[in-house]
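First up is the structure itself, then whatever we jot down about it.
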Amino acid sequence: MKNYQEMFSLKDKTAVLTGASGYLGHYFANGLAQFEASLVLIDIDEKKLSYLSNELKSKYDVKCLSYVCDITQPLQVTDTLKTVSKDFNNLDILINNAQANDDQLSFEKTKIENWRKTSSVNEEGVFLMSQAVGNYMIEMGNSGSIVQISSIYGVLGPDHRIYKDSKNNGSSMGSPAVYSYTKAGIIGLTRYLAAYWAKDNIRVNVLTPGGVIGNQNDNFKSRYNNRVP
């Protein structure tokens, strides 16, 4: 049997992960640490970040530091990357995982301020982090890898019928227009940067996950599963 941890070892590589304390972020962080990457964990929740960092260091014996940063704020991104560059010799990987998903489900009644709460993270935040880390990779003269996290709803329109009487942690579920809009934009940005930074040996790819099981009620799980071949 092939040892995939040796084949795809990330030893001596440093990975920057945004939205680290979120649901998917926890899994991404554990996967990176399992393959021996040093970790830069970024999120706005200091308590969860600290807990995750300590957990990973104890479990995998890797270098892991956490940084509280609002990725929608240019100065915070710049200042955080300056600190990170002093703490780590190189930045090899960026996973743009942080996301927002506004709960305003009615397109007709959505207010622009609610729209911007999601787009500021899913678009401007991805832009700012890609720009900052990409510039650092270019300055260091090393190859790099940037992975953007999109969604199936950036490719396909949601079937709104499956959300009737669906709940997650007791709250009504749905998929707002701004989520599809921003996740489609991430795919477009990825294609642009993949071509733009090819000359600098920076690979840019996108993951488009389908449904992720969580605390949804049985109504939603059953309907969603019936839509999956």
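Please treat every number below as a calculation from the coordinates, not as lab data. The structure presented is a predicted model; accordingly, all values stated were derived computationally and were not measured. Virtual Cβ from ideal backbone geometry, glycine too; neighbours counted across all protein chains shown.
With n ≥ 4 as the cut-off for DSSP H runs, can you work out [θ] at 222 nm for the chain, using -39500 (n - 2.57) per run divided by the number of residues, rounded to the nearest 500?
-13000 deg cm²/dmol
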Simple spin-label estimate for Ser58/Leu75, 7 Å along Cα→Cβ, in nm, reads 3.7
Normalised Cα Rg of the chain, dividing by 2.2 N^0.38 Å with N its residue count, works out at 1.05
In this structure, the FRET efficiency calculated for Asn89 and Val212 from their beta-carbon separation, with R0 = 45 Å, to the nearest 0.05, is 0.85
Yeah, the stretch 1-132 with a ≥ b ≥ c from its alpha-carbon gyration tensor (a/c under 1.5 is rounded, else prolate when a/b outruns b/c, oblate otherwise) is prolate
Output for the stretch 4-57: trypsin sites (Lys or Arg not before Pro) sitting in coil per DSSP, at most 12 other Cβ within 10 Å, listed by number, reads Lys11
Checked the stretch 98-160 with the C-alpha gyration tensor, a ≥ b ≥ c its square-rooted eigenvalues, rounded below a/c of 1.5, otherwise prolate if a/b is larger than b/c and oblate if not; verdict oblate
Rounded to the nearest 10 degrees, the helix 23-34 long axis (Cα) sits at an angle to the longest Cα principal axis of the chain of 30
